[in-house]
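The next block holds one structure in the form of structure tokens; read it before the comments.
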Amino acid sequence: LTATLALIDTKIPPVEVNDSGDVLECDGRAERLKILHLPLCLTLSVVEMSDGRHQVLADPTDEEERLAQASVTVVLAFPVQSAGEASAISTAPVTVHKPGGIALQPQLLRDAIRDCRNRAASLASLLSKESLV
């Protein structure tokens with residue numbers, strides 16, 4: 001989330017490239033970076049309960065991550081509309097990373113990605129309202 005906010009706030013100064021390939025800063029006003037997609041990264045931890053069921057924790061604390069039998073990090077990219085708002089429709093995951101741990105049933109992984117989409121949609125909505133105006 002912090003990296004996304006930093007990208008939204010980034011301003012690029014006008015530059016020129018001379019014949020020898022040197023990049024020179026020009027006079028003029030810095031422009032906001034044009035963002036086509038908002039990247040949002042969410043982590044879920046999977047904890048096995050005493051009855052054998054798996055509980056999925058969104059945005060786990062450090063302690064919860066240490067106690068988890070598995071974790072999944074999902075990166076999603078939400079298209080930014082021309083008015084500067086993030087679209088409510090999410091794209092497919094850009095990256096899904098599961099570093100070891102117990103094997104996850106396909107349905108649990110699908111549920112985790114769905115939960116990430118829902119959480120990211122609310123975060124994207126907040127970012128577009130607060131930061132892209």
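The numbers here are math on the coordinates, done by the rules we state, and not lab data. Every value quoted in this text rests on a predicted model; they were computed, and no experiment measured them. Virtual Cβ from ideal backbone geometry, glycine too; neighbours counted across all protein chains shown.
At a Förster radius of 41 Å, what calculated FRET efficiency corresponds to the Cβ-Cβ distance of D51 and A30, to the nearest 0.05?
0.10
R0 = 30 Å: FRET efficiency of D62 with A103, Cβ-based, nearest 0.05?
0.80
What FRET efficiency do you get for Q69 and S122 if R0 is 25 Å and r is their Cβ-Cβ distance, rounded to the nearest 0.05?
Calculated transfer efficiency: 0.40.
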